[in-house]
1. Among 16-23, 128-135, what's the highest-first ranking by average C-beta atoms within 10 angstrom per residue?
2. Provide, for the chain, the number of lysine pairs with alpha carbons under 28 Å apart, each pair being eight or more places apart or on different chains.
3. With +1 on each Lys and Arg Cβ and -1 on each Asp and Glu Cβ, how big is the dipole of the chain about its Cα centre, in debye rounded to the nearest 20?
4. Karplus couplings for the range 82-92 from phi (6.51 cos²θ - 1.76 cosθ + 1.60, θ = phi - 60°), rounded to Hz, Gly and Pro as x?
5. Arrange the peptides 90-101, 28-39 so that the one whose residues have, on average, the most other Cβ atoms within 10 Å appears first.
6. Please list the radius of gyration and Dmax for the range 3-134, considering alpha-carbon atoms only, with Å as the unit.
7. Name the long-range amide H neighbours of Thr27: under 5 Å, sequence gap of 5 or more, or other chain; modelled H, no Pro or chain starts.
8. If we sort 8-15, 76-83 on the protection proxy, mean other Cβ atoms within 10 Å, highest first, what's the order?
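What follows draws every value from the coordinates through simple rules; no lab data is involved. Keep in mind that what you see is a predicted model, and the values were worked out from it rather than measured. Cβ sites come from the backbone with ideal geometry, for glycine too, and all protein chains shown count toward neighbours.
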Amino acid sequence: MPDAIANGKSPAASRCQMTEIVLPNDTNAQGTMFGGRLLSLMDKCAAISAMRHADKVCVTVAVDSVEFHSPVNLGDVVILEACVNRVFRTSLEVEIEVFAENYLKQDRRQCNRAFFTFVAVDDDGRPTPVPALCPETEEEQKRYEHAAMRRELRLFLKGRTAMDETVYIKDELIAVISGRDL
């Protein structure tokens, strides 16, 4: 096992922030940003975060829990922040949050949040191991644990794990997934 994989990396090493202004070609007839355009930016930002962690090409395999809280309007500055929450063997969960900033009103609000799953691939396009993730703060540890719960739920819902093989699927998981405090 290479040293990078054995030693691991902190979530801070994978952070990615992107900023872009919303122009007319990014918007629909309502003057709000196309959802597809925003998802494309989210995928790019999350991919950069995954690749920074893995030091390899990473491909998107799933997008979970995309939440649209409020629209991003024409003229807003959209800010995307992504960070790796957890690494499994060859896959990574990246959380991304999206904020809209109206600089004229000095207003900043969270608009979106999603969890992307990536797989690191080698030169032949086959899954390849990535460095471990070493959470450093209490918040990073919480995100790390919740990522394991979400992964188990994804695998269970896809039929790849049986209920008796699960560790986390219980009332606490449902509370985490729905955003309620435990």
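1. Going by the mean number of other Cβ atoms within 10 Å, highest first, we get 128-135, 16-23.
2. So the count works out to 11.
3. Using only the charged Cβ atoms, the result is roughly 240 debye.
4. 10, 7, 6, 8, 6, 10, 9, 7, 10, 10, 9
5. Ranked by mean Cβ neighbours within 10 Å, highest first: 90-101, 28-39.
6. Answer for the range 3-134, Rg first and Dmax second: 15.9, 52 Å.
7. Long-range HN contacts for Thr27: Phe34.
8. Packing proxy ranking, top to bottom: 76-83, 8-15.
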